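Reviewing the structure listed below.
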Amino acid sequence: MKRVNGNRETGKGRMDFVDDAEGASFDMDSLVESIQMLIPLGLKAAGEALQAEVAQLAGKRHSRRETSTRRWGYNDGSVYMGMQKVPVSVPRVRDVEAGREIPLKTYEALRSPRVIEKSALALVLNGVSQRKYEKAASLIPETFGIKSSSVSRHFIKASALELKKFLSRDLSGENIVSIFIDGKRFAEHGIIVALGVTINGEKKPLGFIESATENHGVCRDFITCLVERGLKVDDGILFVVDGSKGLHKGIKEALGGRAFIQRCQWHKRENVVKYLDKKHQASFRAKLQSAYEEPVYEKAKAKLSAVRKELSLVNESAVASLDEGLEETLTLHKLGMFAKLGRSFKTTNCLESVNRQLGMYTGRVCRWRNSNMRHRWVAAALMEIEPRLRKVSGYKHLAELREIMKRILAGNEAA
């Protein structure tokens, strides 16, 4: 059965269903999704699709086809279209010799709520409240309307499926060269998110774990879980993290020398200047930024040493903050890749951008009832965000980064 869209002479969006040869098969899934998302034309299209299947089973009306199947009147029924349940008149077909009714596959498919669950997921995630949808649906006379509790059930079911799919995705087919890890707060609760970057520069949310703090044991178990799901780490992974000691320790415990850790330069700079009085903050922020922008490790380290010397005359606590983890803020410099990849990998901005988008969805929730609710919302939102993520800047140099890490690991093993 072929579908013909549109009418060139009238310009109207008419949808016709044309019979192929007798007994031809058709793509039921494509047919159902097309009809269910067309509210204005849906009733007419559904009726035509049902009649087309009746014609396949019982032949065209008034034809003298040799068959035991007969048209057998109509029953009242209903189908889902988009997010609404619509009444329809359902033709009946009966096998008179066998004495039984023949169910229509088209009708059974249109009665399935699978598309409504996807629609509910998208609507609730994108800010259409369950009560507002009920009000909107009731304005269409042909529909029964859908209660807010029903939309809620559909959303819960769809988001639970998204959660299961997200947390069980096989990572063995992904060539991940770098991972950004950072936490996001949900009231008093915390979610740690891992964003992978493939060798082609594509961003891919890998998973998340709920934890009140960025505890090293939790982070270690999180990384271990990613490895168990197929994450390949033998050629090295560049981790980009903020200043959390728990993240650093957890990554090292899970992967050892296969992890190259780049500390976020923005977090380091702000952690240092917060110890200073306001009159010194702007000047030292600029000096630290200038030092980090030096592409060669030796020059960057020399500038940072000069800044450290000046800081020692102003605030020793700021000096201690600068010293803590300083070498890991220069990992890209030591790998010789700062000039090519520094824009994307010197800070955790890539993941913070994802977390901001995540907040646009989860921020609509007034009250988090339980952990399962948080997990479902986060998984559904990340799956919604993923297709829109752009490649990282400098992605053409990621293959070079991978080769450098492989050489270092090979040299360490030989030593």
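Structural remarks
- Pair list, Cβ under 7 Å, 6 or more apart: region 328-345 residue in the same structural domain as residue 304 (by TED's automatic domain parsing) and in contact (Cβ under 8 Å) with a residue 40 or more places away in the chain, other residue β-branched (Val, Ile, Thr) and not in a helix (DSSP H, G or I): 328/261; 331/261; 344/392; 345/240
- Residue pairs whose Cβ atoms lie under 6 Å apart, separated by 6 or more positions or on different chains, with the first residue in region 257-282 and hydroxyl-bearing (Ser, Thr, Tyr) and the second modelled with pLDDT of 95 or more and in a loop (DSSP other than H, G, I, E, B), are 275/315.
- Just one of (1) within 18 Å of residue 354 (Cβ to Cβ); (2) crowded, with 18+ Cβ neighbours inside 10 Å; (3) at pLDDT 95 or above fails for residue 198. It is (2).
- Under the condition of being among the aliphatic types (A, V, I, L, M), outside any loop (DSSP other than H, G, I, E, B) and either closer than 15 Å to residue 51 by Cβ or at pLDDT 80 or above (or both), the residues counted in region 98-122 number 2.
- Failed condition for residue 279, given (1) touching a helix residue (DSSP H, G or I) at 6+ places or on another chain (Cβ under 7 Å); (2) surrounded by fewer than 17 Cβ atoms within 10 Å (Cβ to Cβ): (1)
- Considering region 163-195, the residues that are among the acidic types (Asp, Glu) and surrounded by fewer than 22 Cβ atoms within 10 Å (Cβ to Cβ) include one that is nearest to residue 267 (Cα to Cα), namely 188.
- The helices (runs of 4 or more DSSP H) found wholly in region 315-415 and carrying at least 2 residues that are surrounded by fewer than 14 Cβ atoms within 10 Å (Cβ to Cβ) and of a type in the set (Gly, Ala, Ser) occupy 316-323, 398-414.
- Among residues that are surrounded by fewer than 21 Cβ atoms within 10 Å (Cβ to Cβ), among the hydrophobic types (A, V, I, L, M, F, W, C), closer than 20 Å to residue 346 by Cβ and touching a strand residue (DSSP E or B) at 6+ places or on another chain (Cβ under 7 Å), residue 251 is not included.
- Of all residues in region 360-415, those satisfying the criterion of being more than 22 Å from residue 194 (Cβ to Cβ), of a type in the set (Lys, Arg) and free of Cβ contacts under 8 Å to residues at least 60 places away in the same chain are 367, 369, 407.
- For residue 89, the requirement of being under 15 Å from residue 109 (Cα atoms), of a type in the set (Ser, Thr, Tyr) and modelled with pLDDT of 75 or more is not met.
- Any hit, region 244-254, residues being in the same structural domain as residue 395 (by TED's automatic domain parsing) and under 16 Å from residue 404 (Cβ atoms): no
- Checking each residue in region 282-327 for being of a type outside the set (D, E, K, R), out of contact with any helix residue (DSSP H, G or I) (no Cβ under 6 Å at 6 or more places or on another chain) and within 13 Å of residue 265 (Cα to Cα) picks out 286, 289, 290, 325, 326.
The values are calculated or read from the model by the stated rules, or taken from the named source; none is laboratory data. Keep in mind it's a predicted model, so treat the numbers as computed, not measured. We place every Cβ from the backbone using ideal geometry, glycine too, and count neighbours over all the protein chains shown.
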